[in-house]
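Asker: A single structure is presented below for examination.
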Amino acid sequence: MDGVIGQILEKQVLSAAKAVEDKLDEQIAALERLDPDDIEALRERRMLQMRRAAERRAKWRALGHGEYTEVPEKEFFSTAKASERMVCHFYRDNWPCKVMDKHMSILAKQHVETRFIKVHAEKAPFLTEKLRVVVLPTLALVKNAKVEDYVVGFDELGGKDDFSTEDLEERIAKAQVIFLDGEGPANPSKQAAASKRSVRQSDTGNSDSD
């Protein structure tokens, strides 16, 4: 019985290997059929794509993307209009907001396609009332100058302050305000995406309540 199963498995492996080999042969044959003009056209198209990507990243960085910065209340709407995608952290000086700050700083560098800012809620009474921000921290997820979604407190992140940056990243991505496929520049931390990160400090004495 074991011998029969082994033969079946061997045939399946050989069949899969043959399919991969045939696919590679097709790709090699397609390349061999290209004449110099086709190859030059492919090269020019790729160069154009790279140039456009570089120009896009330069434009984003000129708008403050790639950094996590504080913005006064009066600049919130102009900042939202300047960038297609924005994440705004409404905060106060307490422990939960400090935890969120650390995750936001990491994500700002990873996702240059999106602007990451923070607004001190107590210094922005008009804005917090208009956007109905009550619980802190609250993230406003903005797309095309419209608030599309909110992340309120830590409830959607496990209800505790030891959630990982990837947990927050995935939650923000659901609103399509950041892209998990790497619209930003090369990101070394993505190589370690499987290892969950926590920014919770062992010294909880730094914590203060909301």
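Throughout, read-outs are computed from the coordinates displayed, never taken from laboratory work. Small disclaimer: the values here were computed from a predicted structure and weren't measured. Neighbour counts run over all protein chains shown; Cβ positions are idealised from the backbone, glycine included.
Asker: What FRET efficiency would be calculated for the residue pair residue 173, residue 123, taking the C-beta separation as r and a Förster radius of 30 Å, to the nearest 0.05? Intermediate values should be presented prior to the final figure.
Answerer: Numbers: r = 29 Å, r/R0 = 0.98.
Efficiency at R0 = 30 Å is approximately 0.55.
Asker: Work out the FRET efficiency for residue 56 and residue 95 from their Cβ-Cβ distance, taking R0 = 22 Å, and round it to the nearest 0.05. It would help to have the intermediate numbers written out before the result.
Answerer: Values: r = 37 Å, r/R0 = 1.68.
Step by step, r from the Cβ atoms, then E = 0.05.
Asker: State the antiparallel share, in %, of DSSP beta bridges confined to region 13-167, rounding to the nearest 5. Spell out each step's value before the answer.
Answerer: Numbers: 12 of 21 bridges.
In region 13-167, DSSP labels about 55 percent of beta bridges as antiparallel.
Asker: What is the extension gain from residue 12 to residue 144, computed as 0.36 nm multiplied by their sequence separation minus the C-alpha to C-alpha distance, in nm to one decimal? Walk me through the numbers before you get to the answer.
Answerer: Working: separation 132, 0.36 × 132 = 47.52 nm, distance 5.01 nm.
Gain on extension, residue 12 to residue 144, equals 42.5 nm.
Asker: Still on this structure, I have one more. Output needed: percent of Cα pairs per 10 Å distance bin for region 16-81, bins running from 0 to the one holding the longest distance.
Answerer: Spelled out bin by bin, region 16-81 gives 16, 22, 19, 17, 15, 10, 1 percent.
Asker: To the nearest 20 Debye, how big is the dipole of region 10-114 about its Cα centre, given +1 on the beta carbon of each Lys and Arg and -1 on that of each Asp and Glu? Intermediate values should be presented prior to the final figure.
Answerer: On the way: 20 positive and 20 negative charges, 123 e Å.
For region 10-114, the charge dipole is close to 600 debye.
Asker: Would you work out the Kirkwood radius for region 1-125? I mean one over the mean of 1/r across all pairs of different Cα atoms, in Å.
Answerer: Details: mean 1/r = 0.0508 Å⁻¹.
Mean inverse Cα-Cα distance, inverted, gives 19.7 Å.
Asker: With just the Cα atoms of region 51-118, tell me how far they stretch along each of the three principal axes, in Å, largest first.
Answerer: The Cα atoms of region 51-118 stretch 43, 25, 13 Å along the principal axes, largest first.
Asker: Give the cross-link partners of residue 118 among the aspartates and glutamates, using a straight C-alpha distance below 18 Å as the criterion and excluding same-chain residues fewer than 8 apart.
Answerer: Leaving aside aspartates and glutamates fewer than 8 places away in the same chain, those within reach of residue 118 are 67, 70, 73, 75, 84, 93, 101, 129, 148, 149, 169, 210.
Asker: Okay, moving on. Using every alpha carbon pair in region 108-166, what percent of pairs falls into each 10 Å bin from 0 up to the bin containing the largest distance?
Answerer: Going from the shortest bin to the longest, the percentages are 18, 48, 32, 1.
Asker: Then there is this: Between region 105-156 and region 19-56, how many Å separate their Cα centres?
Answerer: Computed from Cα coordinates, the inter-centre distance equals 42 Å.
Asker: Which pairs in the list 74/130; 102/160; 59/123; 102/143 are over 19 Å apart, alpha-carbon to alpha-carbon?
Answerer: Pairs exceeding 19 Å: 59/123; 102/143.
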